[in-house]
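Chemist: What follows is a structure written as structure tokens; I'll ask about it next.
Taken together, the values in this text are just the output of simple stated rules run on the coordinates, not laboratory data. Computed from a prediction, not measured in an experiment: that's the story for all the values here. Glycine gets a Cβ as well: all are built from the backbone with ideal geometry, and neighbour counts include every protein chain shown.
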Amino acid sequence: MSLVELLTKLISFKSITPNDDGCLEFITKVLLNMGFKCKKLNFGNTPNKTKNIYAHFSRGSGTHFCFAGHVDVVPPGDNWKSDPFKATKKNGYIFGRGACDMKSAIAAFVNAVNNFLKKTKDFKGTISFILTSDEEGDAEFGTKKVIEWLKKEKIKIDFCLVGEPTSRKKIGDMAKIGRRGSINCNLTVKGKQGHVAYPEKAKNPITDLIKLCSELKKPFDRGNKFFPPTNLEITSIDTENKVTNLIPEKVTAKFNIRFNNLYNSKTLIKTLKERLDNLESHYELSTKISGESFLNQSVILNNHLEKSIFEITKENVEFSTSGGTSDARFISKICPVVEFGSVGETMHQIDEKVKIKDLDLLSEIYIDLLTRVYS
């Protein structure tokens with residue numbers, strides 16, 4: 001099966017998170033035919049558990065290199081020019097949901113490993129895959145649980161590459177060596193409901209909320225060599241007020257904080273509460289941690305990837321920690337990890353696409369990377 005045919009098949013599965021729609025079963029068959037041993041790992045509290053696979057090919061002792069990725073995609077949305085789950089080739093591109101995020105990287109790595117094993121008869125070590133269908137959703141029963149299983153089974157991985165679409169404009173212009181942490185917060189301020197014509201008989205909670213938000217928005221830090229400054233963005237302010245002549249009883253603000261490795265979630269939440277306590281207001285704060293910041297890089301892996309990218313594309317890769325969260329945050333707990341994949345300009349968008357030439361370049365980079373890792 002050619003690289004384009006493989007991606008075409010992967011796109012055909014309506015794998016809207018957390019349902020893989022049979023995509024992982026298909027990949028399992030492909031990997032079994034390549035000589036891999038595959039383990040189905042299904043986790044969750046419901047009858048329809050989240051499906052994951054861990055597959056490995058081992059030949060003697062040596063380096064263990066893992067590729068990690070997700071087959072689940074976000075809902076397609078409306079107004080596509082073609083069927084989002086039928087790969088369409090047009091003007092040198094392949095269109096379809098998951099084309100860049102991240103079925104292209106999965107197809108490219110499977111293709112690269114297949115070609116690498118065929119030409120490298122003296123290969124010693126282990127190549128593995130961690131594939132999940134729970135990255136675009138809550139991410140509770142995907143890679144997070146697979147990592148727990150690997151620890152329990154005492155399976156050691158030396159290096160991992162996650163195939164997220166990290167490239168910006170050209171294949172190879174950016175890779176990720178860490179990620180900021182993320183906390184979602186709800187801040188509720190209570191007052192006293194009353195008529196707007198008699199404000200002296202009421203207490204408007206919005207007034208206090210404005211003061212609290214101003215306090216929260218003060219700078220946290222200046223960032224460092226690897227990370228930008230910690231940033232707080234208010235995303236919603238709501239009183240659920242349906243009329244114009246009523247001072248509301250309470251108001252809730254939602255905000256998200258993307259934080260660097262100068263903080264962890266505990267120290268950051270402590271800082272939030274200290275800021276809020278500076279003002280005499282009755283508030284309730286709830287937080288949900290999406291992920292901790294991390295920087296678990298390997299000079300060896302970074303150098304190999306940098307050389308492979310330059311060898312194939314002549315691009316000087318920029319190593320970054322920008323962007324949202326990914327499954328790399330879980331993998332970083334057990335081994336050095338880098339993220340590198342296709343151009344992500346259209347990820348999650350209508351008419352998501354990937355250049356066919358980029359697909360080939362990605363596979364060539366992965367082959368070159370494997371060659372350097374196992375040389």
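Chemist: Note the full-extension length gain between Lys225 and Lys154 as 0.36 nm times their separation in residues minus their Cα-Cα distance, in nm to one decimal. Provide the component values of the computation, followed by the final result.
Modeler: On the way: separation 71, 0.36 × 71 = 25.56 nm, distance 3.40 nm.
Taking Lys225 through Lys154 to full extension adds about 22.2 nm, to one decimal.
Chemist: What FRET efficiency comes out for the pair Lys29/Lys90, r = Cβ-Cβ distance, R0 = 22 Å, nearest 0.05?
Modeler: Efficiency, from the Cβ-Cβ distance: 0.15.
Chemist: Go ahead and estimate [θ] at 222 nm for the chain from helices alone: -39,500 (n - 2.57) per DSSP H run with n ≥ 4, summed, over the residue count, rounded to 500.
Modeler: -9000 deg cm²/dmol
Chemist: Which of the cysteines in the chain are isolated, no other cysteine C-beta under 4.7 Å?
Modeler: Cys23, Cys38, Cys100, Cys185, Cys213, Cys335
Chemist: How far apart, in nm, are the 7 Å Cα→Cβ label points at Tyr374 and Asn278?
Modeler: Distance between the two pseudo-spin positions: 5.6 nm.
Chemist: Taking only the alpha-carbon atoms of the range 35-98, what semi-axes of the equivalent ellipsoid follow from 5 times the gyration tensor eigenvalues under a square root, in whole Å, largest first?
Modeler: 32, 21, 9
Chemist: Return His56, His348 ranked ascending by Cβ neighbour count within 10 Å, so the fewest neighbours appear first.
Modeler: With the sparsest Cβ surroundings first, the list reads His348, His56.
Chemist: From the cross-link list Lys40/Lys266; Lys121/Lys225; Lys176/Lys211; Lys154/Lys266, which pairs have alpha carbons spaced over 32 Å apart? List each step's numbers first, then the result.
Modeler: On the way: Lys40/Lys266 35 Å; Lys121/Lys225 42 Å; Lys176/Lys211 37 Å; Lys154/Lys266 29 Å.
With Cα atoms farther than 32 Å apart: Lys40/Lys266; Lys121/Lys225; Lys176/Lys211.
Chemist: With 10 angstrom as the radius, rank Ser322, Ser133, Ser128 by how many other C-beta atoms surround their C-beta, starting from the fewest.
Modeler: Values: Ser322 15, Ser133 27, Ser128 22.
If I rank by nearby Cβ atoms, fewest first, I get Ser322, Ser128, Ser133.
Chemist: Please compute, for the alpha-carbon atoms of the range 181-291, the extent along each of the three principal axes and give them in descending order in Å.
Modeler: So the extents along the principal axes, rounded to whole Å, are 54, 25, 18.
Chemist: Under 10 Å from the Cβ of Ile300, count the other residues' Cβ atoms, weight Lys and Arg +1, Asp and Glu -1, and hand me the total.
Modeler: Result for the neighbourhood of Ile300: 0.
Chemist: Right, here's the next one. Taking R0 as 45 Å, what FRET efficiency do you get between Thr207 and Ile350 from their Cβ-Cβ distance, rounded to the nearest 0.05?
Modeler: Working: r = 41 Å, r/R0 = 0.92.
E between Thr207 and Ile350, to the nearest 0.05, is 0.60.
Chemist: Below 12 angstrom from the Cβ of Thr271, what's the summed charge of the other residues (Lys, Arg +1; Asp, Glu -1)?
Modeler: With Lys, Arg at +1 and Asp, Glu at -1, the neighbours total +1.
Chemist: Working out 0.36 nm times the residue gap between Lys124 and Asn316, then minus their Cα-Cα distance, what length gain in nm do you get to one decimal? Walk me through the numbers on the way to the answer.
Modeler: On the way: separation 192, 0.36 × 192 = 69.12 nm, distance 2.98 nm.
Contour length minus the Cα-Cα distance gives 66.1 nm.
Chemist: Moving on to the next point. So for each of 180-188, 339-347 I average, over its residues, the number of other beta carbons within 10 Å; can you give me the resulting order with the highest mean first?
Modeler: 339-347, 180-188
Chemist: Using only alpha carbon pairs under 8 Å that are at least six residues apart, calculate the relative contact order of the chain and give it in whole percent. Don't jump to the answer; show the numbers that get you there.
Modeler: Details: 821 pairs, mean separation 93.6, N = 375.
In percent, rounded to a whole number, it is 25.
Chemist: Between the range 30-77 and the range 151-216, how far is it from one alpha carbon centroid to the other, in angstrom?
Modeler: Here the two parts' Cα centres lie 30 Å apart.
Chemist: What's the FRET efficiency of Asn115 with Asn302 using the Cβ-Cβ distance as r and R₀ = 35 Å, to the nearest 0.05? Intermediate results must be reported in sequence, preceding the final value.
Modeler: On the way: r = 24 Å, r/R0 = 0.67.
With R0 = 35 Å, the Cβ-Cβ based efficiency is 0.90.
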